[in-house]
Amino acid sequence: MSRERRNTIWAAAAGVLVLIAVGLRIQNALHMEIGLDYDAWGHWAYISHLLQSWKLPAPHDGWSMAHPPLYYYLAGLVGRGPAGGDRETVFVMMRFVSTFAGLAIVGLAVVLTHRVDPGNIKRAVLTACVLLFLPVHIYISAMLHEEMLCALFTSLAVSILAFEGLSQPRAPARHDLALGVLCGLALMTKLTGALTLAVVLATLALRELSGGQPGRGLARIARVLAVALPLGGWFYARNLIEFGYLYPHGLPVHEVMFSMPPGTRDVLDYLRIPLATFTDPRLLVPSLLHSVWGSTYVTLWFDGQGCFLPVRAPHLLELGRVLMILGLVPCIAFVWGTTRGVRRAWSTRGSGPDLPLLLIVAATVAGYVLFTWRNPWFAVLKASYLLGISVPFAFYAGGVLDRWTDSARSRARAVIVTGTLLALIAASTATFTYGLMFERRGLPGIPWEELRVEGR
C-alpha cells in the first residue's frame, strides 16, 4: 500500500475518532448531574461568593477558598454574564471551558508531533488518541475544576519552548512575554503553576548556558519574571501579607481529611505496585492505600475515587480491570519514549524539543511526591494532578506506538498493539460516556468512613 493511501486511511480514522471523543465530552458536559462533581460544593461556594462580591474570600472561609482565583473569577464572569448566574448555567459553561482546554492540549501535542515528524499522519493520530481517550482527561473535562485550565497554560508554555528547540533561530522577545503571561496565568490558576515557571526558567538557563550565552539567558529570565510575578504572584503576596503564609497547609476547614486513611507515608509506599491495581482498582483496597503510584494509576485509567462513575454498578469493576491492563501499553510506550528523549536531549545539549518536555515531567513527578508525602491521605492520590505533563505523555507515547504499529518491523506486534489500542478506545468510550453504561446519582466519593479496620 502506498504512503498516500495509508495517510488517507489514517486521516479518515482520525476524523471518526475525533468525532467520538468530542461527542462524548459534549454528552458529559450537558448531561452529568449538576453539583455532583468532585469537590463541587466547595468550588460552588467560592463562585457564589464572587457572584456577590469580587473581593477574594479568606483562605480559611471555605473548602476551596485557599485556591488561586483565576478559574473562579472566570466562573464569576460567566455567572454575571448575559446567560445569567443560575447554578446549572455556570456548571455547564465551565465544563465546556475545561473541555476546550483539554482539546487544545491535544492539539498542541499533535502540532508538536507534526513538527518533529511531518507527513507521518499515523503518528499524529496515535498521539491524539493517547489523550482523547485517556479516562482522566475525559472525566476531568466534565468537572467544575481548575485542573484542565492550569494544564493548558503549562502545556502552552512548554510547547513554545519545544518549538523554539525545533526552529533554532534566536527567539524573539515576544516569546518571553508570552512565556511570562502563561506562567503568571498558571500561578493564578493553581499552585502547580510554580512548576511551570520553574521549568521555563530552567530551560532558558540550560539552553543559553550550553550555547555559551549566559547573558542572553539572564535577560530572557528577567523578562519572563518581570511579567509572571506581577501577574501571578500578587495572590501569594497577598496571602503572606494578610495571613502570614504564601499558601496554607492544614487549615481547620480541611480537618475532615486528617482522619482519612492511611494517615502516614513511608518510602515503600512509592515503590509498591500491588496486584490489586489491576484486579481490584478501588482506592480503599488495603494494599492500594499504601501504594502511591498504584493508586495514581487507578485514577489515570479508571475512577477509583468515585468522582465520575458510581461506586458500585454491574460490570463496572470488570471494565475497570480491562482498562487497567490495556492502559499498560501506552504507559510503557511513554516510559520508553521518555528514555529515548533523555538520550536525545543529552546528545543535543538541550537544543531540541526534548529538554522542556523532560523537565516538566521531572518537576511534576517531584512535586507530586512531595505533595503526597506531606498529605498522606488516599483522597490526594489523583492522576489529575499530573495533567501538566499531558503533552510529553502523548508526544513520547505516540512516537513509540507509531514504531510498535509499523507492520514492516513486526507484523505480529503491529496487530497486537493496534488491537490493544482499539480495545482501549472502546472500553474508555463505553465507561466514560455519561449515561451510556453508567450514571452516578449519589454524592461523589468513596465511603472511606466505613473503613475502620485497625492498621488500614
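Throughout, read-outs are computed from the coordinates displayed, never taken from laboratory work. Note that the structure is a prediction, hence the values are computed from the model and not measured. Positions of Cβ are backbone-derived with ideal geometry, glycine not excepted, and every protein chain shown enters the neighbour counts.
What order, most packed first, do the peptides 358-367, 292-301, 379-388, 255-264 have when packing is the mean number of other Cβ atoms within 10 Å of each residue? Working shown, then result.
Numbers: 358-367: 19.6, 292-301: 24.4, 379-388: 22.6, 255-264: 13.4.
In decreasing order of mean packing, 358-367, 292-301, 379-388, 255-264 become 292-301, 379-388, 358-367, 255-264.
Would you mind getting the Kirkwood hydrodynamic radius of region 82-153 from its Cα pairs, rounded to one decimal in Å?
Here the Kirkwood hydrodynamic radius works out to 13.3 Å.
HN-Hα J couplings of region 86-98 from phi, Karplus 6.51/-1.76/1.60, θ = phi - 60°, integer Hz, Gly and Pro as x?
Here the 3J(HN,Hα) series is 5, 4, 4, 4, 5, 4, 5, 4, 6, 5, 5, 4, 5 Hz.
Please list the non-local residues whose amide H lies under 5 Å from the amide H of L283, H modeled 1.01 Å from N, same-chain partners needing a gap of 5 or more.
none
Let's test the formula: R0 of 35 Å, r as the Cβ-Cβ distance of L328 and I26. What FRET efficiency results, to the nearest 0.05?
The pair L328/I26 has a calculated efficiency of 0.75.
Which of A186, V417, L271 sits closest to the plus end of the dipole of the chain, meaning its Cα is farthest towards the positive end, when Lys and Arg get +1 and Asp and Glu get -1 on the C-beta?
V417
In region 223-261, which residues have a backbone nitrogen under 17 Å from the label point lying 7 Å from A173's Cα in the Cα-to-Cβ direction?
Taking a point 7 Å out along Cα→Cβ of A173, the residues of region 223-261 whose backbone N falls under 17 Å are 223-228.
Is the shape of region 182-294 best called rounded, prolate or oblate, per the rule: a/c under 1.5 gives rounded, else a/b larger than b/c gives prolate, else oblate, with a ≥ b ≥ c the square roots of the Cα gyration tensor eigenvalues?
In terms of gyration-tensor shape, oblate.
For G304, list long-range residues whose amide hydrogen, built 1.01 Å from N in the peptide plane, is under 5 Å from its own amide hydrogen.
Under 5 Å from the amide H of G304: T299.
Thinking of the chain as a set of Cα atoms, what percent of all their pairs are more than 29 Å apart?
49
Taking the alpha-carbon centroid of each part, what is the distance from region 332-385 to region 199-245 in angstrom?
Value for the Cα centre distance between the two parts: 21 Å.
What's the ranking of 138-151, 432-445 by average number of surrounding C-beta atoms within 10 Å, highest first?
138-151, 432-445
Taking region 1-108, which chymotrypsin sites (Phe, Trp or Tyr not before Pro) meet the DSSP loop condition and have no more than 13 other C-beta atoms within 10 Å?
Answer in residue order: W54.
Report Rg(Cα)/(2.2 N^0.38 Å) for region 312-448, keeping two decimals.
1.27
Full extension from M257 to L77: what is 0.36 nm times the residue separation minus their Cα-Cα distance, to one decimal in nm? Write down the numbers at each step before the final one.
Working: separation 180, 0.36 × 180 = 64.80 nm, distance 3.11 nm.
Length difference between fully extended and current span is 61.7 nm.
For region 109-211, rounded, prolate or oblate, judged on the Cα gyration tensor with a ≥ b ≥ c (square roots of eigenvalues), a/c < 1.5 rounded, else prolate if a/b > b/c? All intermediate terms of the calculation are to be shown ahead of the outcome.
Details: a/c = 2.57, a/b = 1.13, b/c = 2.27.
Judged from the Cα gyration tensor, region 109-211 comes out oblate (a/c at least 1.5, b/c at or above a/b).
For region 39-51, what does the Karplus curve 6.51 cos²θ - 1.76 cosθ + 1.60, with θ = phi - 60°, yield as ³J(HN,Hα) per residue in whole Hz, taken in order and with x for Gly and Pro?
Result, ordered by residue: 6, 4, 4, x, 5, 5, 4, 4, 5, 4, 4, 6, 6 Hz.
Assign unit charges at the C-beta atoms only (+1 for Lys and Arg, -1 for Asp and Glu), then state the dipole size of the chain relative to its Cα centre in Debye, rounded to the nearest 20.
Charge dipole of the chain: 1560 debye, to the nearest 20.
Taking every pair of Cα atoms in region 258-341, average 1/r, invert it to obtain the Kirkwood radius, and report Rg/Rh to two decimals.
Taking Rh as the inverse mean 1/r over Cα pairs, Rg/Rh reads 1.01.
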